[in-house]
Structures are given as C-alpha cells and as structure tokens.
Amino acid sequence: MDPEEGREKAEVILADDPSNKTMVQIDHLPPEILLDILSRLPITSLIHFKTTSHAGYNLITDPRLPPMFRNRVSDSNPCLILFNYNSPGSRQLYFLDSEGCGRRVWKIGAPQHSKVSNLVGSCNGLLCVSYPTVGGSFATHSLLIYNPFVRDAVRVPPANRFLNQSEVFGFGFHPRTGEFKVVRIVYYEKIMTVASLAADVEVFTVGTTEWRKKGAPPPQFTVGPSEALVEGSLHWVVVVEMGGGGPMFGILSFDLADEVFEEIPHPPCQRLVSHGYSLSALNECLSAVGLVETGHFDIWVMKQHHVKESWVKQFSFDPYLPRGWPINTSWSVSRLPKIICALKNGEILLQYNNRSLVSYDPVENRFTTLQISGLPDQFQALPFLPSLFSAKATMNLQF
C-alpha cells in the first residue's frame, strides 16, 4: 500500500484572493517554513485555508503563528472594518484588506448572533461593537469586544439604565497601564427633580466585572461618538463657547489612564474654530480636517500631544468630488472628508460623507476614488490591524 494513500493533503493559496485556484501542496515542508509562508499571507487567505482541511486548521491554530503574523502585518497598510448602517434590516460588517484581495470587501459575522448597531472602535486587533437591548422604558446598548477573525468575544456587563436615555461609547487602550477600557457617556431624564436632565460618565476596564462612575461630563460636552484615539486618550470636537457670531469649536479628550477630561489646544485657524472640523489619528498624531476661507481643505497635525505650538498645517487641497457624486454638491461640516489612515506609500486614505473611499497623494496633489466591489452605499469605516490572537490573549500582550 502506498504510504501516502489516505493521508490528508494540505494546500495553501499563494495569492491574495482566496477564490484563486493556484495551490501548492505543502505536506512535505518543514513546519517552520510552513508557518513562515503563512505569516506572509493576507488574513482572508489564512481564514479560508483554516477551513479547507484538518491539516490547514492545525497549522492556522498553531500558537507560533499569531506572533509571526503580528510582526509581519505591523509593517503593512492598515486594513478596514466597514459597517453598513443604512438599513436596519441589512446591517452588516465587512472587511477590506488594503494589501490586496482584488479590491473587494468580505462579509464578516458578529459573534453570538448579535445584531450590530454601531462600531464603537478598534484597537490592537480588537473590535468593539454595540448591539441594542430593550427592557421596558429603558432602552440601551450592550457591548462586545472581539477579534472578528477568531470570533471569541468578551461581553461587557450591562451598564446602568435610565429613563429616556441617550448614550455614546468610546473604546481604547493606554500603553502606560496596558489596559483596554470602554467609556460610556449617558444623558437621561431624572424623576422628581427640578433639573430633569442629567449626565454621567462611566468607565469599564476590560477584565473586570463592573462599570465605575466618574461623575458628570464637562458642561461643553455634546453627545457624539469619540472621533480619535491618540496616545491613550479619546478625543471629541465640542462647542466651547457661543460667541456673537455663533459657536466656537474646541477639542476635549479623555485620558484612559488617569480617567479625566482635558481641553486640548485647537488648531490655530480661525475658520476651523468657528466653522468646525473633524478629528482623526494620522501617523499616531492628532489631526484635524476643515474647510477654510479660500475654499480649500486644510489638514492640521498636532506633532506633540497637548502642545499648542506643535500644530502644523500639513496639507492643503481643493475640494474633490468622488466619482459618481453630483456636480452641485455643497460642502458642510457633516460632509468634511474623514481621515481613515496614512498608507505606507505616503498617500492618505479619506472617506467622503460615509460613502466613498478616496486616496490622496500629497506629492502629486492627486485624488483617486477607489473602485471596490461590494462596497455598501453608506458605511462607517475604521482602520483595523488584523490579528490571529484571541480577544483574551490580546489583553495579555505588550504593545
């Protein structure tokens, strides 16, 4: 009898697209070489390979592979998690591999049959999502923290519920404490009091069992999701004062280590301060995008966190209409381009009006609307570092 007969054959896809049929049999390669090959493949190819055979499953779940893959992917462009929120009946999570995959998105599932209602944030290979829970008059959201490619989840315990509440969340990691935390800001109606409206800030440290109250948010805080995680702090654009000509916009941060709010110096541009801007993380620095008097968009970058003098106008460019947009499109704060991430080739990935993804080349001052198969009509986008570590294992890693 042939000794190879009946032996399961494992094959690996040596291409970005799992639908590609070019395979290489890997039965006789040493395990170290196999793992090195696998660590260089896109996460979508690895997940596909995991399901092809028992041998493939054993290789992908080898405990030596996650750290090897982590080292490789840290030198690559960030990937994207997309959330289609346009229709409550068709809300879906998608994954876009910026390194390839034929410019198409891949559907990914939520754990434990949860119906995702919003993306809270992503950090170090973990995704935090919210899903609705309703109980009588107290409607709220529950949270899950998980790796969408490993599918294990850490369920965040229920927070306090209030009458007619409105809540927003933030999720992040602080390198000094080595802790992942969720911040909840909830506005609600008090009963039998003169001041009927109240607000609380609550913090949950992942790995503990309960939320902790941190008092009320600053008076200038307005309900809205956190826009940027930079140096262990969540950031929001807020109205800091109402001048004779209208609102003035500033920046508020919440330090995840000290658990306090702080006001951050805004960019030294009066147009941005009086008309608003969006915040993002760009090359690990806080950045702001706004429309200025000349009709240009300016991108300001805070080179040193908390230091007012470190704000630098990094880029300035004309308004760009992504392919397929009507020519008579008007610009407002709600339509400002959102910085998603910087790419390794020096270009910047932007999202326009929760619809189009555009790459901007600052050297050539050139825009390119990305043509991506399966892209939802409207979506929320987050940069994401794919990982093979489980959620629980990620919390014990050093970053």
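The values are calculated or read from the model by the stated rules, or taken from the named source; none is laboratory data. Worth saying up front: this structure is predicted, and the values here are computed from it rather than measured. For neighbour counting, all protein chains shown are included, and Cβ atoms are generated from backbone atoms with ideal geometry for every residue, glycine included. The protein model used for the area step is the full one, side chains on, heavy atoms only, and it has no ligands, DNA or RNA in it. Shrake-Rupley method; radii C 1.70, N 1.55, O 1.52, S 1.80 Å.
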Is it the case that Ser196 is out of contact with any Leu (no Cβ under 8 Å at 6 or more places or on another chain), surrounded by fewer than 21 Cβ atoms within 10 Å (Cβ to Cβ) and touching a residue at least 40 places away in the same chain (Cβ under 8 Å)? no
Among the residues of segment 335-378, the number that are part of a strand (DSSP E or B) and either without any contact (Cβ under 8 Å) to a residue 24 or more places away in the chain or closer than 23 Å to Val230 by Cβ (or both) is 17
Listed by range, strands (runs of 3 or more DSSP E) wholly within segment 205-294 having at least 1 residues that are within 21 Å of the chain's Cα centre (by Cα), buried (at least 20 other Cβ atoms within 10 Å of the Cβ) and modelled with pLDDT of 90 or more are 228-230, 233-243, 246-255, 278-282, 285-291
Determine which single condition Tyr188 fails, assuming it passes every other condition in (1) open to solvent by 30 Å² or more (accessible area, probe 1.4 Å); (2) modelled with pLDDT of 80 or more; (3) over 19 Å from the mean Cα position of the chain (by Cα). (1)
Of the residues in segment 39-65, those that are open to solvent by 20 Å² or more (accessible area, probe 1.4 Å) and aliphatic (A, V, I, L, M) come to Leu41, Ile47, Ala55, Leu59
Only one of these conditions is not met by His28: (1) under 28 Å from the mean Cα position of the chain (by Cα); (2) modelled with pLDDT of 50 or more. Which number is it? (1)
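On the given criteria, is Thr140 within 26 Å of Gly207 (Cα to Cα), at pLDDT below 90, surrounded by fewer than 18 Cβ atoms within 10 Å (Cβ to Cβ) and in contact with a Pro (Cβ under 8 Å, 6 or more places away or on another chain)? Break it down into steps so the answer makes sense when it comes.
Values: within 26 Å of Gly207 (Cα to Cα): yes; at pLDDT below 90: yes; surrounded by fewer than 18 Cβ atoms within 10 Å (Cβ to Cβ): no; in contact with a Pro (Cβ under 8 Å, 6 or more places away or on another chain): yes.
When the stated conditions are applied, Thr140 does not pass them.
Looking at this structure, is Asn84 modelled with pLDDT of 75 or more, more than 21 Å from Thr44 (Cα to Cα) and open to solvent by less than 70 Å² (accessible area, probe 1.4 Å)? Can you show your working first?
Details: modelled with pLDDT of 75 or more: yes; more than 21 Å from Thr44 (Cα to Cα): no; open to solvent by less than 70 Å² (accessible area, probe 1.4 Å): yes.
Here the answer is no, as Asn84 does not meet what is asked.
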Whether any residue in segment 94-106 is part of a loop (DSSP other than H, G, I, E, B), open to solvent by 10 Å² or more (accessible area, probe 1.4 Å), in contact with a strand residue (DSSP E or B) (Cβ under 6 Å, 6 or more places away or on another chain) and at pLDDT 85 or above is what I want to check. yes
First in segment 143-169 and of a type in the set (Gly, Ala, Ser), second anywhere and surrounded by 21 or more Cβ atoms within 10 Å (Cβ to Cβ), Cβ under 6 Å, 6 or more apart: Ala153/Tyr146; Ala159/Arg184
Limited to segment 341-363, what total is found for residues that are open to solvent by 40 Å² or more (accessible area, probe 1.4 Å) and over 24 Å from Val73 (Cβ atoms)? 3
When every residue in segment 295-316 that is over 25 Å from the mean Cα position of the chain (by Cα) and open to solvent by less than 40 Å² (accessible area, probe 1.4 Å) is compared, the one modelled with the lowest pLDDT is Gly295
